[in-house]
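Report on the structure given below.
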Amino acid sequence: MAEVTKEQVVEILEHIATMLELKGENIFKIRAYHNAARGIETFSGSLSQVVGEGKVGEIDGVGKGIADRITEIVLTGNSSYYNILKTEFPPGIFAMFDIVGMGPKKIKAVWEQLNITSVPELEAGCRDGRVAGLKGFGEKTAANILKAIDDAKKHAGRFRFGDVASDAGAMLEDLRSLPEVIRVEACGSFRRKRETCGDLDFLVSTKSPESVSEFFVKHEMVENVMAHGATKSSVRLKSGIQADLRVVTDDQFSFALNYFTGSKEHNIVMRQRALARGWTLNEYRLGLDEKPRVTPEPVPEIREEKDLYRALDLDYIEPELRENFGEFKAAEEHTLPRLIELENLRGCFHNHTTASDGRSSLREMAEAAQEIGMQYLGIADHSKASFQAHGLDEKRLLAQLEEIRALNAEYKGEFRIFAGSEVDIHKDGTLDFSDEIMSQLDYVVASVHASFQLPEAEMTDRIIRAMENKYVTMLGHLTGRLLLQRDGYSVDVGAIIDAAAATGTIIELNANPRRLDMDWRHWAAAKAKGVKCAINPDAHHTAQLGFVSFGIGVARKGWLTREDVVNCLPLGKIEQVLSAKRER
Ligand code: DGT
Ligand code: CA
Ligand code: CA
Ligand code: ZN
């Protein structure tokens, strides 16, 4: 059995907490499970090792009783307590948690008072007025729930990249470890780093197709097998996503890799370019066309994808760019950019601490950033208007500023914390802190966190007004979207980009895998106007600093280079970028 991952343990602990909450259990018991989940999430050692040494209880946040549960999960991959708890609930009830706005309290209310136990029943209850009639609900809440159900339906069957990345990585690694596997890759939308994936597409070359297919369908992540053949199999993984496996010979690998990476639109142009040269291209080969339009040149030998692009008179096109978004023209004219890489990042700016709604302290965040090789870390806790997130008022903000200065003195210039704030943009475009306060900070991220319903023109004016303030260094999560859950608010992105260029405001690429905002489709336009990008994890605990890797995927899809992204600049150069707008 492969080792149980931390994510799996965290998920079971979170589910237990949820069920206890539904049962109306004592808040301390519930919190104990949440704390244990946080502890495991941020624990940096090996779980199987601490289990072996009987030291699970020494992990931060893990109490004695829960230590035993965790030990069982790590040893068996399962929890008997969890399995018993689950039998107390109608199975459809958990899907209600995916509806924005439905938390344990509301789910408990509709279940107990209306006997609603699934999303379709919830929808019916919202339509016929029963939900609105419940104490604490009302017409507006019922309408919001309906809207959220609609949004969820629109996205049914898709998965956020960040939610499937660890499954995909684990499967790839396990396939790669088979001695009979020659080459292996995850293709499709996953390789193209799309923000969401419909399914995962694995490709393997081998001389033993049966044994590789067998391994795939019997993998422990598999929930059920939909098709099992020597060259083509489909399974559903326990996480819910479908995964396809194609098995080819090594001669076919480059063609299959190219075809199954897509996009479909990209493939069509590739095939047309082959036909224009008297060749045919499909997922197995590049060959001579039976009825060539032109007298063909001999078909060149293709060992790798690069050879295929060269044969079609193109520079190599990175997978992230294969959306038929202008990559062919650039590849012909040798003007494809050299895309940014994770290794280019030197720091990041939008991060929270326990002062607002983060779960790691300032010092923990700073240490974690140093551990992953960052030279600097920007802190931007919420401002006072975000009271639900425990936003800081002026007094607490200035106290945090002192704390940051003291830590910086300790670091003696080898690492630096930049003091910032994620300042709320009010409904009218004014900011939650005065210029006098903001001027004391190193930088400001300005974000919209309320009044999402404004008409587009008003929303656009509101944000532009905020960007006109010289202390607003960067604009946070431009559209406020939550992938697969909530569309962004209406805003004229083109006008925002123009305003960013005119005011010298940086636009954030929020790398939280639920956001990935601003969207990759807009970055080329921003770049053309000279607007700079900051890739920010919006980390709420130390482990989330790693979200920057998702941001890199999106930045690459947006054609960005290291020159376009300010946090590629080292300490010593970044300061000038942060103060540039104030000195204009
Ligand atoms: P997804 O799974 O919806 O996130 O998106 P993809 O791009 O991974 O699409 P998928 O899994 O249906 O197919 C994988 C790739 O296979 C796709 O990107 C391009 C290629 N492909 C699939 N169907 C067609 C087709 O009808 N024509 C062409 N030219 N290529 C196709
Ligand atoms: Ca796919
Ligand atoms: Ca597929
Ligand atoms: Zn925010």
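The values are calculated or read from the model by the stated rules, or taken from the named source; none is laboratory data. Quantities reported herein were computed from a predicted structural model and do not represent experimental measurements. For neighbour counting, all protein chains shown are included, and Cβ atoms are generated from backbone atoms with ideal geometry for every residue, glycine included. Surface accessibility is based on the protein's heavy atoms, side chains included, excluding ligands, DNA and RNA. Shrake-Rupley method; radii C 1.70, N 1.55, O 1.52, S 1.80 Å.
Among residues of segment 379-404 that are closer than 15 Å to ASP442 by Cα and at pLDDT 95 or above, none has a Cβ under 6 angstrom from a residue that is part of a strand (DSSP E or B) and within 16 Å of ligand 3 (Cβ to nearest atom) at a sequence gap of 6+ or on a separate chain.
Give segment 230-267 a look and list any residue that's among the β-branched types (Val, Ile, Thr) and either assigned to a strand (DSSP E or B) or over 20 Å from MET171 (Cβ atoms) (or both), or say none.
First, pick out the residues of segment 230-267 that are among the β-branched types (Val, Ile, Thr): 231, 235, 241, 247-249, 261.
Listed by number, the residues that qualify are VAL235, VAL247, VAL248, THR249.
Let's see how each residue does on (1) at positive phi; (2) buried (at least 23 other Cβ atoms within 10 Å of the Cβ); (3) at pLDDT 95 or above; (4) not assigned by TED's automatic domain parsing to the domain that holds MET102:
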| residue | (1), (2), (3), (4) |
| --- | --- |
| GLN453 | no, no, no, yes |
| GLU456 | no, no, yes, yes |
| THR505 | no, yes, yes, yes |
| LEU509 | no, yes, yes, yes |
| PRO513 | no, yes, yes, yes |
| ALA524 | no, no, yes, yes |
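All conditions in (1) buried (at least 16 other Cβ atoms within 10 Å of the Cβ); (2) modelled with pLDDT of 95 or more; (3) not polar (S, T, N, Q) hold for TYR316, with the sole exception of (1). The conditions of being acidic (Asp, Glu), away from ligand 4 (no atom under 16 Å from the Cβ) and touching a Ser or Thr at 6+ places or on another chain (Cβ under 6 Å) are met by ASP244. For VAL491, are the conditions met, namely being in a loop (DSSP other than H, G, I, E, B), touching a residue at least 40 places away in the same chain (Cβ under 8 Å) and not acidic (Asp, Glu)? The answer is no for VAL491.
So which residues in segment 220-260 are of a type in the set (Val, Ile, Thr) and away from ligand 2 (no atom under 16 Å from the Cβ), if there are any at all? Before you say what the answer is, go through the steps one by one.
If we filter segment 220-260 for residues that are of a type in the set (Val, Ile, Thr), which is where we start, we get 222, 225, 231, 235, 241, 247-249.
Once the filter is applied, which keeps residues that are of a type in the set (Val, Ile, Thr) and away from ligand 2 (no atom under 16 Å from the Cβ), segment 220-260 yields VAL222, VAL225, THR231, VAL247, VAL248, THR249.
Starting from segment 197-213, take each residue that is in a loop (DSSP other than H, G, I, E, B) and list its partners that are open to solvent by less than 10 Å² (accessible area, probe 1.4 Å) and within 10 Å of ligand 3 (Cβ to nearest atom), counting only C-beta distances under 7 angstrom and pairs at least six apart or across chains. If the second residue must be open to solvent by less than 10 Å² (accessible area, probe 1.4 Å) and within 10 Å of ligand 3 (Cβ to nearest atom), no pairs are left.
Residues are listed down the side, and each one gets a yes or a no for (1) of a type in the set (D, E, K, R); (2) touching a residue at least 24 places away in the same chain (Cβ under 8 Å); (3) open to solvent by 60 Å² or more (accessible area, probe 1.4 Å); (4) part of a loop (DSSP other than H, G, I, E, B):
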position	(1), (2), (3), (4)
ARG271	yes, no, yes, no
ALA274	no, yes, no, no
GLU283	yes, yes, no, yes
GLY287	no, no, no, no
GLU290	yes, no, yes, yes
THR295	no, no, yes, yes
PRO300	no, no, no, yes
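Here the condition is being open to solvent by less than 60 Å² (accessible area, probe 1.4 Å) and assigned by TED's automatic domain parsing to the domain that holds LYS557; of HIS390, HIS350, it holds for HIS350 alone. Within segment 571-584, residues that are within 13 Å of ASP442 (Cα to Cα) reach partners that are open to solvent by 40 Å² or more (accessible area, probe 1.4 Å) and basic (Lys, Arg) with beta carbons closer than 7 Å, at six or more positions or on different chains, in the pairs LYS581/LYS470; ARG582/LYS470. Looking at ALA227, is it in a strand (DSSP E or B) and either more than 28 Å from ASP517 (Cα to Cα) or within 16 Å of ligand 4 (Cβ to nearest atom) (or both)? Here the answer is yes, as ALA227 does meet what is asked.
If you scan segment 425-449, which residues turn out to be hydrophobic (A, V, I, L, M, F, W, C) and either within 21 Å of MET518 (Cα to Cα) or surrounded by 21 or more Cβ atoms within 10 Å (Cβ to Cβ) (or both)? Quick ask: steps written out before the conclusion?
From segment 425-449, those hydrophobic (A, V, I, L, M, F, W, C) are 425, 431, 433, 437-438, 441, 444-446, 448; that's our starting set.
Correct list: ILE425, LEU431, PHE433, MET438, LEU441, VAL444, VAL445, ALA446, VAL448.
Out of ASP151, ASP174, one residue alone is outside the structural domain of GLY488 (by TED's automatic domain parsing), in contact with a strand residue (DSSP E or B) (Cβ under 8 Å, 6 or more places away or on another chain) and surrounded by 15 or more Cβ atoms within 10 Å (Cβ to Cβ). It is ASP151.
Being hydrophobic (A, V, I, L, M, F, W, C), without any contact (Cβ under 8 Å) to a residue 60 or more places away in the chain and closer than 30 Å to GLY558 by Cβ narrows it down to one of LEU172, LEU134, LEU178, so name that one.
Details: LEU134 fails: closer than 30 Å to GLY558 by Cβ; LEU178 fails: closer than 30 Å to GLY558 by Cβ.
Exactly one residue qualifies, and that residue is LEU172.
Listed here are the residues, each with its yes/no results for (1) in contact with a Pro (Cβ under 7 Å, 6 or more places away or on another chain); (2) on the phi > 0 side of the Ramachandran plot; (3) surrounded by 13 or more Cβ atoms within 10 Å (Cβ to Cβ); (4) at pLDDT 95 or above.
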position	(1), (2), (3), (4)
PRO104	no, no, yes, no
ALA109	no, no, yes, no
GLU112	no, no, no, no
THR117	yes, no, yes, no
VAL131	no, no, yes, yes
GLY136	no, yes, no, no
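Scanning segment 357-398 for residues that are under 22 Å from the mean Cα position of the chain (by Cα) and basic (Lys, Arg) gives a single hit, ARG359. Just to verify a result, which residue in segment 526-584, among those that are hydrophobic (A, V, I, L, M, F, W, C) and more than 30 Å from GLU327 (Cβ to Cβ), is surrounded by the most Cβ atoms within 10 Å (Cβ to Cβ)? Checked segment 526-584; the qualifying residue surrounded by the most Cβ atoms within 10 Å (Cβ to Cβ) is ALA539. In segment 235-257 there is no residue that is open to solvent by 20 Å² or more (accessible area, probe 1.4 Å), away from ligand 3 (no atom under 16 Å from the Cβ) and small (Gly, Ala, Ser).
I'd like the full set of residues that are in contact with a helix residue (DSSP H, G or I) (Cβ under 6 Å, 6 or more places away or on another chain), open to solvent by 10 Å² or more (accessible area, probe 1.4 Å) and within 7 Å of ligand 2 (Cβ to nearest atom), limited to segment 183-209. Answer for segment 183-209, where residues must be in contact with a helix residue (DSSP H, G or I) (Cβ under 6 Å, 6 or more places away or on another chain), open to solvent by 10 Å² or more (accessible area, probe 1.4 Å) and within 7 Å of ligand 2 (Cβ to nearest atom): PHE190, ASP201.
The residue that is nearest to the chain's Cα centre (by Cα), among those in segment 161-215 that are within 16 Å of ligand 1 (Cβ to nearest atom) and polar (S, T, N, Q), is THR196. Just so you know, in segment 431-460 the residues that are in contact with a Ser or Thr (Cβ under 7 Å, 6 or more places away or on another chain) and of a type in the set (Asp, Glu) include one that is farthest from GLY480 (Cα to Cα), and it is ASP432.
Residues in segment 474-484 include at least one that is surrounded by 22 or more Cβ atoms within 10 Å (Cβ to Cβ) and more than 23 Å from GLY101 (Cβ to Cβ).
Of the listed requirements (1) among the charged types (D, E, K, R); (2) open to solvent by less than 50 Å² (accessible area, probe 1.4 Å); (3) within 24 Å of LEU560 (Cβ to Cβ), ASP307 misses just one: (3).
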